[in-house]
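The values are calculated or read from the model by the stated rules, or taken from the named source; none is laboratory data. Because the structure is predicted, anything quoted here is derived from the model rather than measured. Neighbour counts run over all protein chains shown; Cβ positions are idealised from the backbone, glycine included. In case anyone asks, the SASA skips ligands and DNA or RNA and just uses the protein heavy atoms, side chains included. Shrake-Rupley method; radii C 1.70, N 1.55, O 1.52, S 1.80 Å.
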Amino acid sequence: MSAPFVPHTEDEIENMLASLGLSSLQELYGAVPAAIRLAGGLDLPDPLSEPDLRERLEALGAANRPVGASLVCFAGAGAYDHEVPAVVRSLASRSEFVTAYTPYQPEVAQGVLQALFEYQTMVARLAGLDVANASLYDGATSLVEAVNLAVAATGCHAVLCSQGVNPHWRAVMSTFARGSGHEIVEVPLLRGVTNWASLDLASGKAGAVVVALPNFLGCLEDLRQARRLAERTGARLVVCFDPVAAGLLRTPGSFGADVVVGEGQPLGTALSFGGPYLGLFACRLGDVRRLPGRLVGETVDTEGRRAYVTTLRAREQDIRRERASSNVCTNQTLMAVTTAIQLGWLGTGGLRQVALRSARAARYARESLLAIDGVEAATDAPVLREFALRLPLRAETAIERLAEEGYLGGVAVNEGYEGTSYAGALLVATTERRTRAEIDGLATSLEKVLR
Amino acid sequence: MTASPGGRALSAPLAGRESEPTLFELSVPGRQASSFRTTSLPEWPAEDLVPGEWLPEAPVELPEVSERDLVAHFTRLSHRQYSVDLGAYPLGSCTMKYNPKLCDEAAGMAAFAGVHPAAPPALAQGWLELLVELEEMLCAVTGMSAATLQPAAGAAGELTGLLLMRAWHDAHHEARRRVIIPDAAHGTNPASVTISGYEVTTVGTTERGDVDLSELRSVLDTDVAGMMLTNPNTLGLFEENIIAVTDAVHEAGALMYYDGANLNAILGVVRPGDMGFDIVHLNLHKTFATPHGGGGPGAGPVAVRTELSPFLPGPRPSLLDDGSYGWTSPPRSIGRVHSWHGNALVLLRAWTYLRLHGPEGLRRVAEVAVLNANWLKEQLRASYDVPYDRPVMHECVVSASSLERDTGLRALDVAKRLLELGFHAPTIYFPHIVHEALMIEPTETESPQTVAALADALAEIAAEARTAGRADAARAAPRTTPVGRLDEARAARNLVATYDQRAGGGDGGGDGAHDSRG
Ligand SMILES: Cc1ncc(COP(=O)(O)O)c(C=O)c1O
């Protein structure tokens, strides 16, 4: 029997049982009907000791190819290979942050609460809006919650969503729309950016207009057009933003966004095979009573000392129950704390550097790859740190072959773009970590792969 | 049992009583901690890279601090924070057990943490194998046949499960509109029901603490899509009539949903599948010891019976015919419920925990969790009311009702006084059907000495109030914590949710001008 974290000795167990008038652990389960008790044991593999298990982990790990010097990362599509320094990893793994629960007792949770207050401030600034919540699960969930907010605020179920929005997020939105009943209209792209003019606005009303900056194909969208559409239809303008790009672009709020959502992974969280990441969520003060999830506010204690506490709690599921606008309870607090630490490490200049260096690498990479015979641009609009290419070869095949050369060459564009001119494109992303030598190497390898 | 120092986990009074400025107040313009790779790329200026209409007038301001300041700041914040590593955390319904360090190490391995989620399967065979194995283990534990690992927390699992329920009824051309939940259910249950497009029907609890069967039968009809239940329930009791409940619901053509928040009590003893449940979510951040991270990340996989597996979210990690691992999408999938594949590193931690235990180890986990809770309840009987007086499972719900009547001491006061005595507080005022509820879950990882010390502390709090005939001591608590009781009403009335909203910019909180009470 292996229960390495149960401290009780057999004697202690016997004594405790005796004090309860019991003679065996089984007797604790008198309330479980005999007919359904498990006869044998669970059908699970036998336990491994810690050192044996570490070997098993290493063996499994060896069957993975993480990004790094032997697999240089040009893949993005919502998950980016940014610098995460030792100091961020070290602080974010402090067990006071890692092993705490939701701050239900604020007197002994000021550490997490203040870190969240700082996080909320930073996210609100990046979004260019008044308030941000304490995180949601991921970018997709933030989008779903933003659309729920917009529909509730406007009373209109129609959602006009650009196809420039991350296709996985769109997929999650349509999954949840089966419950919420939102009617989602996807607006196609033209030359890489949303073709709002293609919309046939029969009813003229909408609950949400959703657009991404930059969009999934890396292009910069004209948010003023989206803003005008939102005004014309009475909708909330929901902008999906890239928090790193925010280091170089005007904030979505300054373009008139009502709700700003995003994937927080690029700010301090490892690629992690897709999770845990965190959903960024910011809105205007006027919508704060519809804000999903937790919100930390400042107050004072009985002695007048500054202190932090979760606030506007009456919005949340534990109080409002079936009338709550969101069911979120556990969120991604540790990732939010990590993000605050990373943004503190970056500072004003550092975030700008990350964005600028990523954009420079993208410019250089795009020019280098377009110089290869048979490689064409899949979009015309200006791009920032990611771009889509058409290859004379299936993108999946190119990615497989590039991996043999030591490059994760990008992500194939397919899901969510079926039947469009973008299907089959190769989406290439660069971060501040990509060097000239790596980009030259990718170009040489792609040339070889295409030959 | 005496509370000797050995094996006793409770914190010393917390350090960190000095308030800590925000990072914004520590900022000095021009200071920078960050540094980047040497890239040798052309240094095009921003104006060459971004058309003017997108260029900001000024960059977004972030704190500018040295690495040393950053470390001091977050280390000091961490000293103002209680955690499982510091001491017992008997928060009912949350299963705040010890989080094994090997799991941290596994989650930190570059071979896992460095894999891009869009990497082709050939580059992620280790991950895929691990996830397939985890799915099998979760199915074994719950008695189900297939699972999705995508949901990021319990509530996300609930919503996923309810959409599966809807898809199943749709496939049978049934338009059912209502989902039943007990009045003692966790708040996420009714919230998820509404968000999934159903209406909540609530059924009551009997005096013994079970679902009221006759009331349940009276609300069951062809409009009911399913029932959500946790068993052990939120009173910490095993539903004695569970088979009658699941039978009745099935007879009405509805499905049974298992909220797995309380699974820790029954690992290896009885499986939700054998109780008659059709859809099960698990909270890996409870039962399988993945740490809570101050409020997340968690993971809320959903396991189902064979008949429901065609509807599961996709893509799913799968063993393919050629012996390799890849992704497959179920034929009638409800679609994605996560940006990628779920909280993968949390799933990895749970896999590690399961592999350390094996079948008997898991059963021992459950048994000792139940033993601790029952032993604790017996110690508390002298000081607190025990509203549903039956042997409990992994947690016990007691009430400060009589204490309140006699001395004015409320559950909230007990919680705050307990913080002074070095423990985290239990869950209070939940479930709502118990007056002045204290919901206490010691978990199996707290030693008998720790549980005894917790019992002593709770008894002491009650004795104090009874001796004085008043609740003064507890009312003033906590005094040894980084801050005392907070003015929560003010936080809501005068919302300051960002540093930028702080009136006048940081005078220690005394923004009297905005405080309506003056
Ligand atoms: C009984 C019960 N159900 C559901 C949940 C929701 O789980 P999560 O917080 O992971 O969303 C919880 C957790 O707080 C719970 O205790």
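So B:Met439 passes all but one of these: (1) crowded, with 22+ Cβ neighbours inside 10 Å; (2) more than 9 Å from every other protein chain (Cβ to nearest Cβ); (3) at pLDDT below 95. Which condition number does it fail?
(3)
Under the condition of being touching an Asp or Glu at 6+ places or on another chain (Cβ under 8 Å) and buried (at least 24 other Cβ atoms within 10 Å of the Cβ), which residue from the stretch A:113-128 is farthest from the other protein chains (Cβ to nearest Cβ)?
The first filter runs over the stretch A:113-128 and keeps only residues touching an Asp or Glu at 6+ places or on another chain (Cβ under 8 Å), leaving A:114, A:117, A:121, A:124-125.
Filter again for buried (at least 24 other Cβ atoms within 10 Å of the Cβ), leaving A:114, A:117, A:121, A:124.
Working: A:Gln114: 6, A:Phe117: 7, A:Thr121: 4, A:Ala124: 5 Å.
If we take residues in the stretch A:113-128 being touching an Asp or Glu at 6+ places or on another chain (Cβ under 8 Å) and buried (at least 24 other Cβ atoms within 10 Å of the Cβ), then A:Phe117 is farthest from the other protein chains (Cβ to nearest Cβ).
Is there any pair linking a residue in the stretch A:316-330 that is within 7 Å of chain B (Cβ to nearest Cβ) to one that is outside any helix (DSSP H, G or I) and small (Gly, Ala, Ser), with Cβ under 6 Å and at least six apart or on different chains, and which?
Pairs that qualify, where the first residue is within 7 Å of chain B (Cβ to nearest Cβ) and the partner is outside any helix (DSSP H, G or I) and small (Gly, Ala, Ser), are A:Gln317/A:Ala324; A:Gln317/B:Gly187; A:Asp318/B:Gly187; A:Arg321/B:Gly187; A:Val328/A:Gly293; A:Thr330/B:Ala153; A:Thr330/B:Gly296; A:Thr330/B:Gly298.
Looking only at the stretch B:497-518, which residues are more than 24 Å from B:Tyr82 (Cα to Cα), modelled with pLDDT of 50 or more and either hydrophobic (A, V, I, L, M, F, W, C) or open to solvent by less than 30 Å² (accessible area, probe 1.4 Å) (or both)?
B:Arg502, B:Ala503, listed by residue number.
Out of curiosity, is B:Leu159 within 14 Å of chain A (Cβ to nearest Cβ), more than 14 Å from the ligand (Cβ to nearest atom), in a helix (DSSP H, G or I) and among the aliphatic types (A, V, I, L, M)?
Values: within 14 Å of chain A (Cβ to nearest Cβ): yes; more than 14 Å from the ligand (Cβ to nearest atom): no; in a helix (DSSP H, G or I): yes; among the aliphatic types (A, V, I, L, M): yes.
No; evaluated as a whole, the condition is false for this residue.
Determine which member of the set A:His82, A:His8 is in contact with a helix residue (DSSP H, G or I) (Cβ under 8 Å, 6 or more places away or on another chain), more than 7 Å from every other protein chain (Cβ to nearest Cβ), not in a helix (DSSP H, G or I) and not hydrophobic (A, V, I, L, M, F, W, C).
Details: A:His8 fails: more than 7 Å from every other protein chain (Cβ to nearest Cβ).
Testing whether each residue is in contact with a helix residue (DSSP H, G or I) (Cβ under 8 Å, 6 or more places away or on another chain), more than 7 Å from every other protein chain (Cβ to nearest Cβ), not in a helix (DSSP H, G or I) and not hydrophobic (A, V, I, L, M, F, W, C) leaves just A:His82.
For every residue, the table says whether it meets (1) in a helix (DSSP H, G or I); (2) within 11 Å of chain B (Cβ to nearest Cβ).
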position: A:Pro243; (1), (2): no, yes
position: A:Arg250; (1), (2): no, yes
position: A:Gly253; (1), (2): yes, yes
position: A:Val261; (1), (2): no, no
position: A:Gly268; (1), (2): no, no
position: A:Phe273; (1), (2): yes, yes
position: A:Tyr277; (1), (2): no, yes
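Mind counting the residues in the stretch B:172-183 that are within 16 Å of the ligand (Cβ to nearest atom) and either open to solvent by less than 10 Å² (accessible area, probe 1.4 Å) or over 23 Å from the mean Cα position of the chain (by Cα) (or both)? Spell out how you get there, then give the answer.
The first filter runs over the stretch B:172-183 and keeps only residues within 16 Å of the ligand (Cβ to nearest atom), leaving B:179-183.
Filter once more, so that each one left must be either open to solvent by less than 10 Å² (accessible area, probe 1.4 Å) or over 23 Å from the mean Cα position of the chain (by Cα) (or both): B:179-181.
Residues meeting the conditions: 3.
Among the listed residues B:Ala476, B:Ala459, which satisfies the condition of being small (Gly, Ala, Ser), over 24 Å from the mean Cα position of the chain (by Cα), open to solvent by 20 Å² or more (accessible area, probe 1.4 Å) and closer than 27 Å to B:Thr95 by Cβ?
Working: B:Ala476 fails: closer than 27 Å to B:Thr95 by Cβ.
Unique residue meeting the criteria: B:Ala459.
Mind checking which residues of the stretch B:255-294 are in a loop (DSSP other than H, G, I, E, B), near the ligand (Cβ under 10 Å from one of its atoms) and out of contact with any strand residue (DSSP E or B) (no Cβ under 9 Å at 6 or more places or on another chain)?
To start, the set of residues in the stretch B:255-294 that are in a loop (DSSP other than H, G, I, E, B) comprises B:261-262, B:266-269, B:271, B:276-278, B:283, B:288-294.
Filter once more, keeping what is near the ligand (Cβ under 10 Å from one of its atoms): B:261-262, B:283, B:292.
Selection gives B:Asn262, B:His292.
Quickly run through the stretch B:127-156 and pick out the residues that are in a loop (DSSP other than H, G, I, E, B), within 16 Å of the ligand (Cβ to nearest atom) and in contact with a helix residue (DSSP H, G or I) (Cβ under 6 Å, 6 or more places away or on another chain).
Filtering the stretch B:127-156 down to residues in a loop (DSSP other than H, G, I, E, B) leaves B:143-145, B:149-153.
Adding the requirement that they be within 16 Å of the ligand (Cβ to nearest atom) leaves B:149-153.
Listed by number, the residues that qualify are B:Leu149, B:Pro151.
Under 28 Å from A:Arg54 (Cβ atoms) and without any contact (Cβ under 8 Å) to a residue 12 or more places away in the chain: which single residue out of B:Leu123, B:Leu134 fits that description? Working first, answer last.
Values: B:Leu134 fails: without any contact (Cβ under 8 Å) to a residue 12 or more places away in the chain.
Of the residues listed, the single one that is under 28 Å from A:Arg54 (Cβ atoms) and without any contact (Cβ under 8 Å) to a residue 12 or more places away in the chain is B:Leu123.
Count, please, the residues in the stretch A:336-356 that happen to be crowded, with 24+ Cβ neighbours inside 10 Å and either charged (D, E, K, R) or at the interface with chain B (Cβ under 10 Å from one of its Cβ atoms) (or both). Quick ask: steps written out before the conclusion?
The initial filter retains those residues of the stretch A:336-356 that are crowded, with 24+ Cβ neighbours inside 10 Å, namely A:336-347, A:351, A:354-355.
Next, only the ones that are either charged (D, E, K, R) or at the interface with chain B (Cβ under 10 Å from one of its Cβ atoms) (or both) stay: A:336-338, A:340-347, A:351, A:354-355.
Qualifying residue count for the region: 14.
Give the residues of the stretch A:69-84 that are out of contact with any Asp or Glu (no Cβ under 9 Å at 6 or more places or on another chain) and open to solvent by less than 70 Å² (accessible area, probe 1.4 Å), sorted by residue number.
The answer is A:Leu71, A:Asp81, A:Val84.
Determine whether A:Val87 is in contact (Cβ under 8 Å) with a residue 24 or more places away in the chain, surrounded by 15 or more Cβ atoms within 10 Å (Cβ to Cβ), within 30 Å of A:Ala359 (Cα to Cα) and not aromatic (Phe, Trp, Tyr).
Values: in contact (Cβ under 8 Å) with a residue 24 or more places away in the chain: yes; surrounded by 15 or more Cβ atoms within 10 Å (Cβ to Cβ): yes; within 30 Å of A:Ala359 (Cα to Cα): yes; not aromatic (Phe, Trp, Tyr): yes.
When the stated conditions are applied, A:Val87 passes them.
When you scan the stretch B:234-254, how many residues do you find that are part of a loop (DSSP other than H, G, I, E, B) and away from the ligand (no atom under 15 Å from the Cβ)?
Kept after step one, since they are part of a loop (DSSP other than H, G, I, E, B), are these residues of the stretch B:234-254: B:234-241, B:252-254.
Restricting the remaining residues to those that are away from the ligand (no atom under 15 Å from the Cβ) gives B:240-241, B:252-254.
Result for the stretch B:234-254: 5.
Give the residues of the stretch B:47-92 that are open to solvent by less than 30 Å² (accessible area, probe 1.4 Å) and more than 30 Å from B:Lys286 (Cα to Cα), sorted by residue number.
B:Leu49, B:Val50, B:Trp54, B:Val60, B:Leu62, B:Pro63, B:Val65, B:Leu70, B:Ala72, listed by residue number.
Residues in the stretch A:278-327 that are more than 16 Å from the ligand (Cβ to nearest atom), among the polar types (S, T, N, Q) and within 25 Å of B:Ser192 (Cα to Cα): how many? Break it down stepwise before answering.
Start the filter on the stretch A:278-327 by keeping residues that are more than 16 Å from the ligand (Cβ to nearest atom), which leaves A:280-291, A:295-309, A:311-312, A:314, A:323.
Applying the additional criterion that residues be among the polar types (S, T, N, Q) yields A:299, A:302, A:311.
Filter again for within 25 Å of B:Ser192 (Cα to Cα), leaving A:311.
Going through the stretch A:278-327 one residue at a time, the tally reaches 1.
For the stretch B:200-226, how many residues meet the condition of being among the acidic types (Asp, Glu) and either surrounded by 15 or more Cβ atoms within 10 Å (Cβ to Cβ) or in contact with a Cys (Cβ under 7 Å, 6 or more places away or on another chain) (or both)? Break it down into steps so the answer makes sense when it comes.
Kept after step one, since they are among the acidic types (Asp, Glu), are these residues of the stretch B:200-226: B:207, B:210, B:212, B:215, B:221, B:223.
Checking the rest, the ones that are also either surrounded by 15 or more Cβ atoms within 10 Å (Cβ to Cβ) or in contact with a Cys (Cβ under 7 Å, 6 or more places away or on another chain) (or both) come to B:210, B:212, B:215, B:223.
Final tally of qualifying residues: 4.
Against the conditions (1) open to solvent by 10 Å² or more (accessible area, probe 1.4 Å); (2) over 24 Å from the mean Cα position of the chain (by Cα), where does B:Leu345 fall short? Just the number, please.
So B:Leu345 meets the others, but not (2).
Mind checking which residues of the stretch A:248-262 are of a type outside the set (A, V, I, L, M, F, W, C) and open to solvent by 10 Å² or more (accessible area, probe 1.4 Å)? Before you say what the answer is, go through the steps one by one.
Residues of the stretch A:248-262 that are of a type outside the set (A, V, I, L, M, F, W, C), as a first pass: A:250-254, A:256, A:258, A:262.
A:Arg250, A:Thr251, A:Gly253, A:Ser254, A:Gly256, A:Asp258, listed by residue number.
Answer yes if at least one residue in the stretch B:296-306 is surrounded by 24 or more Cβ atoms within 10 Å (Cβ to Cβ), more than 11 Å from every other protein chain (Cβ to nearest Cβ), away from the ligand (no atom under 16 Å from the Cβ) and touching a residue at least 12 places away in the same chain (Cβ under 8 Å), and no otherwise.
Looking through the stretch B:296-306, at least one residue is surrounded by 24 or more Cβ atoms within 10 Å (Cβ to Cβ), more than 11 Å from every other protein chain (Cβ to nearest Cβ), away from the ligand (no atom under 16 Å from the Cβ) and touching a residue at least 12 places away in the same chain (Cβ under 8 Å).
Between A:Glu367, A:Glu386, which is more than 11 Å from every other protein chain (Cβ to nearest Cβ) and of a type in the set (D, E, K, R)?
Details: A:Glu367 fails: more than 11 Å from every other protein chain (Cβ to nearest Cβ).
One residue alone meets the criteria, A:Glu386.
With the requirement that a residue be open to solvent by 80 Å² or more (accessible area, probe 1.4 Å) and not acidic (Asp, Glu), what does the stretch A:1-40 give you?
Passing the criteria: A:Met1, A:Asn15, A:Ser23, A:Gln26, A:Ala34, A:Ala35, A:Arg37, A:Ala39.
Report, by residue number, each residue of the stretch A:295-315 that is within 21 Å of B:Gly296 (Cα to Cα), out of contact with any helix residue (DSSP H, G or I) (no Cβ under 7 Å at 6 or more places or on another chain) and either within 7 Å of another protein chain (Cβ to nearest Cβ) or aromatic (Phe, Trp, Tyr) (or both).
A:Leu295
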